[in-house]
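J.: Questions regarding the structure given below will be posed in turn.
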Amino acid sequence: MTEQLLEIKKDLSKKLKKDRFEHTIGVMYTAASLAMRYGEDIQKALTAGLLHDCGKFCPAKEQIKLCRKKGIELTESELEMPALIHAKLGAYLAEHEYGIKDREILDAITYHTTGCPDMTMLEKIVYIADYIEPNRAEIPGLSEVRRLAFEEIDQAVCRSAESTTRYLRDGGKAVDPMTVRTYNFYKKEK
Ligand code: FE
Ligand code: FE
């Protein structure tokens, strides 16, 4: 790991709650493994994985306040589903607080929760790493997505978007339109 990554890791170990930090490290190394598999830049994958949840250093209400203060625009559905806000805020913090200038890394952080149609390989890697990292509790279909992730990543994206949508709907929760668009795009790709 580069000096810069070690410093970011140290900072996050203080700012994030213990399980969030453990999850972060899981995503970082899972993203690196997927980068190895798909010939993507390993340092970029480590960086995006490490920072993907940096926006979760404070509760949702404060995340919204911070977004207002920093001039980060939030969509209707983001305000209804505050769990999504940390992704946008995280990309902002990665750029302005942690000095990450690489657009690809910042976009991978932005889209890690909902995915989006036609993602770059790095975006798919972070999206999937977040879903499959080893600390994730077993849910139906997870082992299949874990296997697919290293075989056909587009199919893994499709499956995880599908089960996220189903999980939210079954729980009577709103589904972000972007997650639906992600699912529809990768369903057609199959
Ligand atoms: Fe997240
Ligand atoms: Fe995460």
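The values are calculated or read from the model by the stated rules, or taken from the named source; none is laboratory data. The model shown is predicted, which means the values in this text are computed figures rather than measured ones. Here the Cβ is made from the backbone with ideal geometry for all residues, glycine too, and neighbour counts use every protein chain on show. Keep in mind that these areas ignore ligands, DNA and RNA; they rest on the heavy atoms of the full protein, side chains included. Shrake-Rupley method; radii C 1.70, N 1.55, O 1.52, S 1.80 Å.
J.: Relative to the present Cα-Cα distance, how much length would full extension add between Cys116 and Glu22 at 0.36 nm per residue of separation?
T.: 31.3 nm
J.: Then there's this: Let me have the relative contact order for the stretch 49-178, percent, based on Cα pairs under 8 Å that are six or more residues apart.
T.: Computed over the stretch 49-178, the figure is 22 percent.
J.: Same structure again: For the charge dipole of the chain, defined by +1 on Lys and Arg C-beta atoms and -1 on Asp and Glu C-beta atoms about the Cα centroid, which residue among Pro59, Thr182, Thr114 has the Cα displaced farthest towards the positive pole?
T.: It is Pro59, whose Cα lies furthest towards the positive end.
J.: Something else now. log10 I(q)/I(0), Debye, Cα-only the stretch 3-55, no solvent, q = 0.28 Å⁻¹?
T.: At q = 0.28 Å⁻¹ the computed log10 ratios are -1.05.
J.: Can you compute 3J(HN,Hα) from phi for each residue in the stretch 37-50, using the Karplus curve 6.51 cos²θ - 1.76 cosθ + 1.60 with θ = phi - 60°, rounded to whole Hz and x for Gly and Pro?
T.: Once rounded to whole Hz, the list reads 5, 9, x, 9, 5, 5, 4, 5, 5, 4, 5, 5, x, 5.
J.: Suppose every K and R has +1 on its Cβ and every D and E has -1 on its Cβ; what is the size of the dipole of the stretch 1-63 about the Cα centre, in Debye to the nearest 20?
T.: Result for the stretch 1-63 is approximately 260 debye, rounded to the nearest 20.
J.: While we're here: Test of the criteria: in the stretch 134-190, which GluC sites (Glu not before Pro) are in a DSSP loop and have at most 16 other Cβ atoms within 10 angstrom of their Cβ?
T.: Glu138, Glu151, Glu152
J.: With springs only between Cα atoms under 10 Å apart, run a GNM on the chain and tell me which of Asp154, Asp11, Asp53 wobbles the most.
T.: Highest fluctuation of the listed residues: Asp11.
J.: Using θ = phi - 60° and the Karplus curve 6.51 cos²θ - 1.76 cosθ + 1.60, what whole-Hz ³J(HN,Hα) does each residue of the stretch 77-90 get, with Gly and Pro shown as x?
T.: Whole-Hz 3J(HN,Hα) from phi for the stretch 77-90: 5, 5, 5, 6, 10, x, 5, 8, 5, 4, 5, 5, 4, x.
J.: Leaving out same-chain residues fewer than 8 places away, which lysines sit with a Cα under 23 Å from that of Lys9?
T.: Result set, ordered by chain and number: Lys17, Lys18, Lys44, Lys56, Lys88, Lys101, Lys124.
J.: Further, regarding this structure: Using only Cα positions of the stretch 106-190, each an equal point scatterer, no hydration layer, compute I(q)/I(0) via Debye at q = 0.17, 0.23 Å⁻¹ and quote the log10 values to two decimals.
T.: -0.62, -1.16
J.: Which percent of the accessible heavy-atom area of the chain goes to carbon and sulfur, probe 1.4 angstrom?
T.: Looking at the chain in its full context, I get 51 percent from C and S.
J.: For Glu80, Glu104, give the ranking by accessible area with the largest first, probe 1.4 Å.
T.: Ranked list, largest accessible area first: Glu80, Glu104.
J.: Whole-Hz ³J(HN,Hα) for each residue in the stretch 145-156, computed from phi via Karplus 6.51 cos²θ - 1.76 cosθ + 1.60 with θ = phi - 60°, x for glycine and proline: what do you get?
T.: 5, 4, 5, 4, 3, 9, 10, 9, 4, 5, 5, 5
J.: For the chain, what is the charge dipole size about the Cα centre, in debye to the nearest 20, if Lys and Arg each add +1 at the Cβ and Asp and Glu each add -1 at the Cβ?
T.: 520
J.: Output needed: percent of Cα pairs per 5 Å distance bin for the chain, bins running from 0 to the one holding the longest distance.
T.: Final binned percentages: 1, 8, 17, 21, 22, 17, 9, 3, 0.
J.: Counting only heavy atoms of the protein chains, get the accessible area per residue of the stretch 1-146 (1.4 Å probe) and round it to a whole Å² value.
T.: 49
J.: Please list Thr113, Thr75 from largest to smallest accessible area, probe radius 1.4 Å, with all protein chains kept in place.
T.: Largest accessible area first, the list is Thr75, Thr113.
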